[in-house]
Amino acid sequence: MEKFKVIIVEDVKLELKGTEEIFRNEIPQAEIVGTAMNERDFWALMETTVPDLVLLDLGLGGSTTIGVDICRRLRKQHPDLHVLIFTGETLNEKLWVDVLDAGADGIILKTGELLTKGDVQSVMDGKRMVFNQPILAKILQRFRQSVLSESRRQEAIVNYDIDEYDERFLRHLALGYTKEMIAALKGMPFGVKSLEKRQNDLVSRLFGDSGRSVNATRLVTRAFELRILDIDNLEPDDE
């Protein structure tokens, strides 16, 4: 690894000292050209020296959003500068998404093996999405849930013989459309009477013999239960 300059942004003195020790002992190629414990000091430091890497804590002075704002501004002003998040924020996963969207090169959680030479090397080599084991475990868990959910949806579509028009009909019922409104959708080749027959047929398929008095609301709820409908992708068609 070639020599490079780094600024550490951390508002807890003990953690700042520990991070400096990690660099000195594990990553001697890094020259710490400055440290900052708040946003004001950081931007003042940036006026005197521009590093190759900013190691940035997400929470500064009690705020959990300052780190995201700093990252976004850095990406605009210094697009070639590397930003690696080093944070103890383990519960608010929305912050992880926000800071990655703001242009961070990766996130290292202050749990597990902490910051390693390999993590820093990856960022300095231009790799994006650098994570340590704790966050990778969470990402894998979410990925697994997403894959299993999609698999169950595909199984339900096959098992209950759901075609494109069944899905469109159910999705628009879930969005509060009446049958008249659904029949008027572009590309929907069915009138109200045909949609009423389709609804009765769906009730029979999704409930069997127990579906004699099922209304549209219960039908839609059942479609969600079976994952035929995906609440995260509940958008209307062009009308």
Just need the relative contact order of the chain here, percent rounded to a whole number, with Cα pairs under 8 Å and 6+ apart. 13 percent
Nearest 5 percent is fine: what portion of the DSSP beta bridges confined to the chain is antiparallel? 5 percent
Taking Cα atoms, how many degrees apart are the long axis of helix 192-207 and the longest axis of the chain, rounded to 10 and kept between 0 and 90? 70 degrees
Ignoring everything but the protein chains, give the 1.4 Å probe accessible area of Lys138 in square angstrom, nearest 10. 60 Å²
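Measure off, as a whole percent, the carbon and sulfur share of the 1.4 Å-probe accessible area of segment 104-181, all protein chains present.
Result for segment 104-181: 53 percent of the exposed heavy-atom area is carbon or sulfur.
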Filter the cross-link list Lys3/Lys94; Lys5/Lys110; Lys13/Lys76 down to pairs whose alpha-carbon distance in this structure exceeds 27 Å. Lys3/Lys94; Lys13/Lys76
Give me the angle, in degrees from 0 to 90, between the Cα long axis of helix 164-174 and the longest principal axis of the Cα atoms of the chain, rounded to the nearest 10. 80 degrees
Whole-number accessible area per residue in Å² for the chain, which is evaluated in the context of all protein chains at 1.4 Å: 55 Å²
Suppose every Lys and Arg Cβ carries +1 and every Asp and Glu Cβ carries -1, with no other charges. What dipole size does segment 13-88 come out with about its Cα centre, to the nearest 20 debye? 240 debye
Cα centroid separation - segment 200-220 against segment 95-153, whole Å: 43 Å
In straight Cα distance, which lysines are under 18 Å from Lys197, not counting same-chain residues fewer than 8 positions off? Lys179
What's the magnitude of the charge dipole for segment 95-239 around its Cα centre, counting Lys and Arg as +1 and Asp and Glu as -1 at the beta-carbon? Answer in Debye, nearest 20. 420 debye
Could you sort 95-105, 7-17 so that the peptide with the highest average Cβ count within 10 Å comes first and the rest follow in order? 95-105, 7-17
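The values are calculated or read from the model by the stated rules, or taken from the named source; none is laboratory data. Keep in mind that what you see is a predicted model, and the values were worked out from it rather than measured. All Cβ positions, glycine included, derive from the backbone under ideal geometry; neighbour counts span all protein chains shown. The protein model used for the area step is the full one, side chains on, heavy atoms only, and it has no ligands, DNA or RNA in it. Shrake-Rupley method; radii C 1.70, N 1.55, O 1.52, S 1.80 Å.
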